[in-house]
Amino acid sequence: MRGEFVDLGGCRLYYYAAGTRGAGEPVVFLHGFPASSHLWRHVVRELSERSPGHRMVVVDLLGFGRSDRPLEADLSAVAHATRVRGLMDELRIDTACLVGHAMGGAIALALACTAPSRVTRLCLVNSVALDDWPSRSARVARWLCASQRVARSVGAPLLAGLVHGSLLAGYAIADTGRRSLDHYLHAFTTHLGVDALISHLRAMRDPTVPLLGARLSELRQPVAVVWGRLDPFLGVRLGERLRDAITGATLDVIPGARHFTPEDAPERVAEAVAALLKR
């Protein structure tokens, strides 16, 4: 496993590669808010064992993890998808299976809709889609949008703590959630900073996502929808709506998993991706 930075038009994205280059198609993993490539660590290991021969590329999206802070960058799903396509170009990946969690699912959908020839399959895990938004995080985002000067004044550690508390319910095991959220939010208290965190929160109600919903019937790639049954932010009803909106899509609901299903149930997510790669 190796990690490196790729320069895309003046901003650097970090990614790491895993697995092996074989006959199988590449798989690109996209995280959601406030995570990073760290989200997929257990899924990648499990998938390497279940479906060997795939090059797996795990990305830190712009403004997350080790990638550059966004500054004035467009943080819509479509803009993130354009950067992911640029990363694929740099890595000479013509086509790939995309696996996206939460916002990463919306980005995967955006890339499939805007550049369908680049996407072979889609796995959407507790994905942001249609007109549904993560409820608790959205409340924090609305407060920050109304009080950005106050948010800056409280400083990154306290602001990160507020986000940490609002998202902890997304984990089935609280200790796992505390460790992971500490890891994800640490970047915002160091090199990314409070403005980056505010920018992501302000971008949560992305107007491009509902527009993509009108194009879901156009998708012709095999699609697997995976959902944690106990997700407190994006209920399983959204997963059912996604399945129904995409021709031939399947839905796998995982008992006991909550919002951060790739960490709650990595074996089940890897199993779903492995099955998708055989369709």
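What follows is calculated from the coordinates using simple rules that are stated; it is not laboratory data. Fair warning: this is a prediction, and the values are worked out from it, not measured in the lab. Backbone-built Cβ (ideal geometry, glycine too); neighbour counts: all protein chains shown.
Given the alpha-carbon gyration tensor of the chain, what are the semi-axes of its equivalent ellipsoid in whole angstrom, ordered largest first, with each equal to the square root of 5 times an eigenvalue?
Values: eigenvalues 141, 84, 69 Å².
Listed largest to smallest, the semi-axes of the chain are 27, 21, 19 Å.
Output wanted: per-residue J couplings in Hz (rounded whole) for the stretch 80-93, from phi through Karplus 6.51 cos²θ - 1.76 cosθ + 1.60, θ = phi - 60°, x for Gly and Pro.
4, 4, 4, 5, 5, 4, x, 4, 4, 4, 4, 8, 6, 9
Evaluate the Debye formula for the stretch 1-128 with equal point scatterers sitting on the alpha carbons, no solvent, and hand back log10 of I(q)/I(0) at q = 0.12, 0.20 Å⁻¹, in q order, two decimals.
Values returned for q = 0.12, 0.20 Å⁻¹ are -0.38, -1.15.
How high is the FRET efficiency between D131 and H191 when r is their beta carbon distance and R₀ equals 30 Å, given to the nearest 0.05?
Values: r = 34 Å, r/R0 = 1.14.
Result of the calculation: an efficiency of 0.30.
Taking Rh as the Kirkwood radius computed over C-alpha pairs, what is the Stokes-Einstein D of the stretch 1-40 at 4 °C in a medium of viscosity 1.567 mPa s, expressed in µm² per second? Display every interim value, and only then the final one.
Values: Rh = 11.9 Å.
Estimated diffusion coefficient is 109 µm²/s.
Taking 0.36 nm per residue of sequence separation and subtracting the Cα-Cα distance, how much length would be gained by fully extending the chain between A23 and E90, in nm to one decimal? Display every interim value, and only then the final one.
Numbers: separation 67, 0.36 × 67 = 24.12 nm, distance 2.04 nm.
Working it through step by step, the gained length comes to 22.1 nm.
Between R205 and R2, what length in nm is gained on full extension when 0.36 nm per residue of separation is reduced by their alpha carbon distance? Write down the numbers at each step before the final one.
On the way: separation 203, 0.36 × 203 = 73.08 nm, distance 3.38 nm.
So the extension gain works out to 69.7 nm.
Can you figure out the FRET efficiency of E218 with D74, using R₀ = 25 Å and their beta-carbon distance, to the nearest 0.05?
Details: r = 23 Å, r/R0 = 0.93.
It comes to 0.60.
Calculate the dipole size of the chain relative to its Cα centre from +1 charges on Lys and Arg beta carbons and -1 charges on Asp and Glu beta carbons; express the result in debye to the nearest 20. Before the final figure, lay out each step's value.
Values: 33 positive and 27 negative charges, 30 e Å.
Dipole magnitude for the chain comes out near 140 debye.
What is the local net charge at C113, summed over the other residues whose Cβ is closer than 15 Å to its Cβ (Lys, Arg +1; Asp, Glu -1)?
+3
So how strong a dipole does the stretch 74-127 carry about its Cα centre when Lys and Arg Cβ are +1 and Asp and Glu Cβ are -1, to the nearest 20 debye?
Dipole magnitude for the stretch 74-127 comes out near 100 debye.
Which order do S36, S67, S76 fall in if you start with the one that has the fewest other Cβ atoms within 10 Å? Don't skip to the end; give the middle numbers.
Details: S36 21, S67 25, S76 17.
Ascending Cβ contact count within 10 Å gives the list S76, S36, S67.
Distance from a point 7 Å along Cα→Cβ of E49 to each backbone N in the stretch 229-267: keep the residues under 11 Å and list them by number.
Residues 267 qualify, since their backbone N sits under 11 Å from the label point.
Would you calculate the volume per residue, in Å³, of the smallest convex hull containing every Cα atom of the stretch 163-260? Don't skip to the end; give the middle numbers.
Numbers: hull volume 11.8 nm³, N = 98.
Cα-based convex hull of the stretch 163-260, divided per residue, equals 120 Å³.
Going by how many other beta carbons lie within 10 Å of each one, how would you line up C113, C123, C11, fewest first?
By the 10 Å Cβ count, ascending, the order reads C11, C113, C123.
Suppose only helical runs count, i.e. DSSP H with n ≥ 4. What mean residue ellipticity at 222 nm does that imply for the chain under -39500 (n - 2.57) per run, divided by all residues and rounded to the nearest 500 deg cm²/dmol? Walk me through the intermediate numbers first.
Values: 12 runs with 125 residues, N = 279.
That comes out to -13500 deg cm²/dmol.
If I take R0 = 25 Å and measure r between the Cβ atoms of T176 and T250 in this structure, what FRET efficiency does the formula 1/(1 + (r/R0)^6) give, to the nearest 0.05? Kindly include the intermediate steps, with their values, before the conclusion.
On the way: r = 27 Å, r/R0 = 1.08.
That gives a FRET efficiency of 0.40.
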